[in-house]
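Below is one structure, written out as structure tokens; comments come after it.
Nothing in this text is a laboratory measurement; each read-out follows from the coordinates by a stated rule. Fair warning: this is a prediction, and the values are worked out from it, not measured in the lab. In this analysis, Cβ positions are derived from the backbone assuming ideal geometry, glycine residues included, and neighbour counts consider all displayed protein chains.
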Amino acid sequence: MARPSVERYVGVYNASHRAFLRAIGFVDDDIGKPLAAVVVAWSEAGPCNFHTLGLVRYVKEGVKARGGNALAVPTIVVNDNIGMGTEGMRYSLVSRDLIADTAEAQVMGHAFDGFVGIGGCDKTEPGLMMAMARINRPAVYLYGGSAEPGFYGDKKLTIEDVYEAMGGLAKGLVTEQELVTIEKHAHPTYGTCAGLFTANTMASIAEALGIALLGSASPAATSARRAMYAYESGKALVNAIEQGIRPRDIFTYEALENAITVLNAMGGSTNAILHLLAIAYESGVKLTLEDFERVSKKTPYIASLRPAGEYVMTDLDQVGGVPLVMSKLLKAGLLNGDALTVTGRTLAEELNSYKLPDIRHEHIVKEPSNPIEPTGGIKILRVTLAPEGAVLKVAATGITRFEGSAKPFDGEEGVFEALEKGGIEPGDVVVIRYEGPRGGPGMPEMLRITAAIVGAGLGENVAMVTDGRFSGATRGMMVGHVSPEAAVGGPIAVVEEGDKILIDAETGKLELLIPEQELQQRLKDYKPKPPRYTTGLLAKYASLAASASEGAVAKPRL
Ligand code: FES
């Protein structure tokens, strides 16, 4: 079958289509060459994707060097941190599916043969990868890179420190002057958040999936190596077009398993669970929460990266980046080396020929035989409060069991205020509901609240349970993604003040400790709440969103 661009632009009856290419500078020799899109998530509205437009030129040069043509098309960015704790956060996860839709519309609408997707902030990455899987035309993912860390004395800073200082100020543990100083130094360059929060997690996962070039996740946004990776990604795309390597050849079950292994080994963000489920859905691969549980149990946690560990992404970069982690996992027999990558070579072939720096790295990345923790950082919890599953990130807590009294809030409003007024006490389980995929809508992240709990010195004796999400930067005993969500009548909707809740990572239980008969009666009496939005994007998403246990994908109703 001819390439899409040949069908659209070659031949006498395509003269009208060609006329528009000529209008933007195409000449006879250009017609019929591989035609690539550079789908760039670019925005000046925050640091994460502030610079990504500058990478487009290098991708285009790489495409051209391999005999193709490339045109840039934009997609959107919603900066998570700027929306955090506000109505703006409801647009975050929603933007993931919107990004996938806009990439699909432009690549299909203009008959591109494939595309390089340039992402940065959290949702741009899975959004672009979902589009790659959905369209299934050759594609390469390119990350824009993270910010360099800031410094406060000799302490490295990330945005997480600003949130925790805000929580500390509320409790009188941090002065206003200290907070201002931390604010001014926390994020000193453009690029995504510096720790292994969601953006860096998804960039690492893109390497593990084989859709991004090895080593491309860890260089800082300010690094000159970003231009090199952009150029090489352009070349790799034309190669993939010529060889007919498609995203669904890459996003196989084995590759998704590799991604889950890397996620656990690095102690990455739990948001990756939603996003990998969504990428699997778009790829037509059956992936479930059980897969995350199973892989987590056999994967050692080996990389000390914030928020669970000590270091930031640029530290990992200096010692070898994600390929260092993956090489260790491959040698330990924990990765499927036969998975195909976008270069046309297998993951094992790529890793075995990758030149790692000869440098001391044991302080950041341990051997799988001598890990930080013997199993991965992600636990799937179930039973009475979450029959379809919930997510606990053990790597960021160290605590594995918590029993306390429920303090329910219908929405995140009011929690910060309750915290400030001392209304949340040791032994409480803060339950934040009606913040799921449909209820939120869009599962807003609770970083402002979770960081405030930690910053107020309550991280070890207050837990949180929500049908929303927590951020990749979250620490503490936090259970998210509780499914089914409150908005569809899940058990979390009927929790009452003072109910006892048990969170047990060892047994995988999230239990509402009330008699079964009482729970059934409450569920029978449940009355749905009216939706928060009845028009616009949020209402559209809410009407289509699947459960968090299925990736919260906006699934078409057919
Ligand atoms: Fe964009 Fe953290 S807010 S990466």
Exercise. Compute the relative contact order of the chain as a whole-number percentage, counting only Cα pairs closer than 8 Å that sit 6 or more residues apart in sequence.
Key: 14
Self-check item: Residue-wise HN-Hα coupling along region 35-52, computed from phi with Karplus coefficients 6.51, -1.76, 1.60 (Hz; x: Gly, Pro)
Solution: 10, 10, 9, 10, 8, 10, 7, 10, 6, 8, 7, x, x, 4, 10, 4, 10, 5
Exercise. Determine Rg/Rh for region 309-387; Rg is computed over alpha-carbon atoms and Rh is the Kirkwood hydrodynamic estimate from the same atoms.
Key: 1.07
Quiz item: Are any of the pairs Lys235/Lys393; Lys123/Lys366; Lys156/Lys407; Lys155/Lys393; Lys393/Lys500; Lys286/Lys540 more than 31 Å apart by Cα-Cα distance, and if so, which?
Solution: Lys235/Lys393; Lys156/Lys407
Quiz item: How far apart, in nm, are the 7 Å Cα→Cβ label points at Tyr533 and Thr181?
Solution: 4.1
Quiz prompt | Phi-based couplings in Hz for region 353-360 (Karplus 6.51, -1.76, 1.60; Gly and Pro marked x) | solution = 9, 7, 8, 8, x, 8, 8, 5
Exercise. Give the long-range amide H neighbours of Cys121: residues separated by 5 or more places, or on another chain, with amide H under 5 Å away, using H modelled in the peptide plane at 1.01 Å from N.
Key: Asn49
Practice problem: Could you give me the percent of Cα pairs per 5 Å distance bin for region 137-213, shortest bin first, beginning at zero and ending with the bin that holds the maximum distance? | Solution: 3, 16, 20, 18, 13, 11, 8, 6, 4, 2, 1
Practice problem: Determine the shape class of region 370-460: with a ≥ b ≥ c the square roots of the Cα gyration tensor eigenvalues, call it rounded for a/c under 1.5, and otherwise prolate if a/b is greater than b/c, oblate otherwise. | Solution: oblate
Practice problem: Taking the Cα centre of region 349-505 as origin, work out the dipole magnitude from +1 charges on Lys and Arg Cβ and -1 charges on Asp and Glu Cβ, in debye rounded to 20. | Solution: 240
Quiz item: Relative contact order for region 222-350: what is it in percent, counting Cα pairs under 8 Å that are at least 6 residues apart?
Solution: 31
Quiz prompt | DSSP bridge orientation in region 112-164 - percent antiparallel, rounded to nearest 5 | solution = 40
Self-check item: Extension gain, Ser405 back to Arg360 (0.36 nm per residue minus Cα-Cα distance, nm)
Solution: 11.5 nm
Quiz prompt | Whole-Å distance, taken between Cα centres, linking region 18-77 and region 414-446 | solution = 43
Self-check item: Protection-proxy order for peptides 215-224, 166-175, 459-468, each taking the mean of Cβ atoms within 10 Å per residue, highest first
Solution: 459-468, 215-224, 166-175
Quiz item: Quick one: length gained pulling Arg225 to Arg248 fully straight, 0.36 nm per residue minus the C-alpha distance?
Solution: 5.5 nm
Quiz item: Mind checking the angle between helix 271-283 and the chain's longest principal axis? C-alpha axes, 0 to 90 degrees, to the nearest 10.
Solution: 40
Quiz item: Of the trypsin sites (Lys or Arg not before Pro) in region 488-558, which ones lie in a loop per DSSP and count no more than 14 other C-beta atoms within 10 Å?
Solution: Arg557
Quiz prompt | Positive-end residue of Ala194, Val383, Leu93, charge dipole of the chain with Cβ unit charges | solution = Leu93
Quiz item: Cα extents of region 79-138 along the three principal axes, largest first, in whole Å?
Solution: 40, 17, 15
Exercise. Could you give the spread of the C-alpha atoms of the chain along their three principal axes, from largest to smallest, in whole angstroms?
Key: 74, 55, 47
Quiz prompt | With Cα atoms, 0 to 90° folded angle of helix 159-170 axis to the chain main axis | solution = 20
Quiz prompt | Between 0 and 90°, nearest 10: helix 253-266 axis offset from the chain longest Cα axis | solution = 50
Quiz item: Over what distance in Å are the Cα centres of region 146-176 and region 502-558 separated?
Solution: 34
Quiz item: Which far-off residues, 5 or more places away or on another chain, put their amide H under 5 Å from the one on Val73, with H placed in the peptide plane?
Solution: Val38, Val39, Val40
Practice problem: Arrange the peptides 484-491, 314-321, 67-74, 438-445 so that the one whose residues have, on average, the most other Cβ atoms within 10 Å appears first. | Solution: 438-445, 484-491, 314-321, 67-74
Quiz item: Once you sort the root eigenvalues of the Cα gyration tensor of region 192-314 as a ≥ b ≥ c, which label holds: rounded (a/c under 1.5), prolate (a/b larger than b/c) or oblate (the other case)?
Solution: oblate
Exercise. Using only the C-alpha atoms of region 440-513, find the volume of their convex hull and express it per residue in Å³.
Key: 103
Quiz item: Which Cys in the chain stand alone, with every other cysteine's Cβ at 4.7 Å or more from theirs?
Solution: Cys193
Self-check item: Low-density loop cleavage sites - trypsin sites (Lys or Arg not before Pro) in region 251-338, where at most 10 other Cβ are within 10 Å (DSSP)
Solution: Lys286
Exercise. Among the GluC sites (Glu not before Pro) in region 331-395, which ones are in a DSSP loop with at most 15 other Cβ atoms within 10 Å of the Cβ? Mind listing them?
Key: Glu362
Practice problem: Return the long-range amide H neighbours of Ala139 (sequence gap of 5 or more, or a different chain), with a cut-off of under 5 Å between placed amide H atoms. | Solution: Phe115
Exercise. Compute the Cα gyration tensor for region 290-338, then decide on rounded, prolate or oblate, letting a ≥ b ≥ c be the square roots of its eigenvalues: rounded whenever a/c is under 1.5, prolate when a/b is larger than b/c in the other cases, and oblate in all that remain.
Key: oblate
